[in-house]
1. Going by what's in this entry, would Trp318 be described as more than 20 Å from Tyr432 (Cα to Cα) and out of contact with any Pro (no Cβ under 9 Å at 6 or more places or on another chain)?
2. Residues in the stretch 111-133: is at least one outside the structural domain of Phe187 (by TED's automatic domain parsing), surrounded by fewer than 20 Cβ atoms within 10 Å (Cβ to Cβ), among the small types (Gly, Ala, Ser) and not in a helix (DSSP H, G or I)?
3. Considering only the stretch 48-60, I want to know if a residue exists there that is surrounded by 21 or more Cβ atoms within 10 Å (Cβ to Cβ) and over 23 Å from the mean Cα position of the chain (by Cα).
4. Of the conditions (1) in contact with a Gly (Cβ under 9 Å, 6 or more places away or on another chain); (2) buried (at least 22 other Cβ atoms within 10 Å of the Cβ), Asn316 fails just one. Which one is it?
5. List the pairs whose first member sits in the stretch 20-31 and is surrounded by 14 or more Cβ atoms within 10 Å (Cβ to Cβ), whose second member is assigned to a helix (DSSP H, G or I), and whose Cβ atoms are under 6 Å apart, counting only residues at least 6 apart or on separate chains?
6. Kindly indicate whether any position in the stretch 510-528 is closer than 24 Å to Gln451 by Cα, exposed (fewer than 10 other Cβ atoms within 10 Å of the Cβ) and either modelled with pLDDT of 80 or more or among the aromatic types (Phe, Trp, Tyr) (or both).
7. Only one of (1) out of contact with any His (no Cβ under 9 Å at 6 or more places or on another chain); (2) small (Gly, Ala, Ser); (3) within 24 Å of Arg202 (Cβ to Cβ) fails for Ser91. Which number is that?
8. Taking the stretch 146-164, which residues are under 13 Å from Val123 (Cβ atoms) and in contact (Cβ under 8 Å) with a residue 40 or more places away in the chain?
Amino acid sequence: MTEIIPYYEKTFERHRRDIEAVELGEKPNLRFNEPLGMAYITILETFKHYKGVKANKNFILELWQKKAVLIWAGWERFNSDGEWVRRFDESFWFLPKKNGKTILGSGLGIADTILRGEIGGEVYAFATVKKQAELAWTGFKELLQRHDELKKYTSIAYNTITLSQKDTTFQMFGRDADTVEGVSPTFALSDERHIQKDNSVRDNIKTAMIARKQPHLMDITTAGDDIESVCYVDYEYAKKVVEGILEDDNLFVFIAEAPRKPEGQGYDDWWFREEVWRAANPNYGVSVTKDGMEKAAKKAQEKSDQLPSFLRKHLNIWRSEDDGFITKEEWDACRVAELNLLGRKIVGLDLSFRDDFSARVDVYQNGEYFDIVPRSYIPEGKIYERERELRVPLYDWINRDLITATKGVTIDQQYILDDIVDGLDITDFIGYDPTYAKWIINKIESNYNFQNSVMVRQTTWGLSLATIFFRDLVREKRVRHLGDPIMNWHISNVSLAKDNQGNIKPDRTNVRKKVDLVAAVINAFACIATGEPVKQEKSVYEERGLREL
């Protein structure tokens, strides 16, 4: 078996990519200030542990901690006032239990106050449950009170810590933070984000930071058991950023989790292998011991009801692990510099009814290879709303002609029709989802005498063969693409739905996980998967509608 590379190495890979981008002049507004990052590490190692066998002993940061803190603290951006300020105004730290995330967060909050904090700063620990917020606040208190120098400037009254050296206060918030007015945080620590049921507390804190010069909001959490939660949305977004699928220069990401269980035989014991434990826990062999993991693993093996808890707490795996579709590595391996657009052309459509994305993918078959060209459409009146909801750079993609913004607040089907007709003379087949494509297909068939449109039933049975065919072609590197970022995003969003017979299709139940381009390309491959496509007869009700007696 090949060596397992921990997922958190992607944080360091992203750092190296950014360094190269700065050196090449691609990101002139950024710089890496290594001495500043080292100053944070120096301060952290003056703090003392306050519980356990290391109580009253100084922090000794592990190599992964030093590298992560150096990157988190050292990057700066050039602001509109002509000053270099912190680059990352938010961070997402995702680690299993016992990897020291809460105490690291408390230590960074204090170090940040000393090195970057404004006079009159306000530092907050917050969570949905006040007791959880108190853990991080206690970290502030204990670290300050046990510090050889800072304890002289520290006082506590009414659950408020005051560091007189910077005239900065440290407080905690529970759910009632959404009613608090008058706060102006310089640093906020959100502990166990996965417990938070909504964004009310976090949004209040984030909005209140606007008056500060270089505030920071730090999320620290383990995996939860609700993949519909706000934290899971943040987790998926953070993974796309650290992998380079989405660009967000303001977000720092550190994710430590167990590698996905490989397919095939011989991996039944995957979650109980020491190399998997080591990859998931950066502090393995330090605060996470082999004996402790073996004890927890033994319980999970003996009692099946203990397995989800073991996976979540010790390997940082969410309750439901999505079935594998196409990995980023598999998809990236299909990227080429130039496509061949001379082969047989099949168009796949996945259209929306009113105000959502519509997608079209042209597939050109050249012998054993399939070159794909994706096209996305969105109503211009919904761009701002969708950008905020989905946390993707729609305006930037539109400006780069990667997405077409059609006029109005609903999708302009006439525009899409004209776009399709423009290349209809070289189109062999059109595969379409009948739900919202009826008007366009009827126009194409009646006005342009095009009779090679293929209706693709959107059931697991109707899509399974094409889904498997497309996935296998990607894994064989027989699909070729130019690296369109919207297609990359949609590929990364796909999880699979299965029926009782083992048929599969892209799962579309989560409206925040856009997969329209994948649906469109699978509709195209439905015309190819079984050889020459066979047109499915339309229901009489699709032709004339219902009649009344």
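The values are calculated or read from the model by the stated rules, or taken from the named source; none is laboratory data. Everything quoted here is computed from the prediction, not taken from an experiment. Here the Cβ positions follow ideal geometry from the backbone for every residue, glycine too, while neighbour counts run over all protein chains shown.
1. Values: more than 20 Å from Tyr432 (Cα to Cα): yes; out of contact with any Pro (no Cβ under 9 Å at 6 or more places or on another chain): yes.
Answer is yes for this residue.
2. Keep residues of the stretch 111-133 that are outside the structural domain of Phe187 (by TED's automatic domain parsing), which gives none.
Among the residues of the stretch 111-133, not one is outside the structural domain of Phe187 (by TED's automatic domain parsing), surrounded by fewer than 20 Cβ atoms within 10 Å (Cβ to Cβ), among the small types (Gly, Ala, Ser) and not in a helix (DSSP H, G or I), which makes the answer no.
3. Within the stretch 48-60, the subset surrounded by 21 or more Cβ atoms within 10 Å (Cβ to Cβ) is none.
No, the stretch 48-60 contains no residue that is surrounded by 21 or more Cβ atoms within 10 Å (Cβ to Cβ) and over 23 Å from the mean Cα position of the chain (by Cα).
4. (1)
5. Lys27/Ala21; Leu30/Val22
6. Pass one, the stretch 510-528, residues closer than 24 Å to Gln451 by Cα: 517, 519-528.
From the residues that got through so far, the ones that are exposed (fewer than 10 other Cβ atoms within 10 Å of the Cβ) too are none.
Looking for residues that are closer than 24 Å to Gln451 by Cα, exposed (fewer than 10 other Cβ atoms within 10 Å of the Cβ) and either modelled with pLDDT of 80 or more or among the aromatic types (Phe, Trp, Tyr) (or both), one finds none in the stretch 510-528, hence no.
7. All conditions are met except number (1).
8. Leu163
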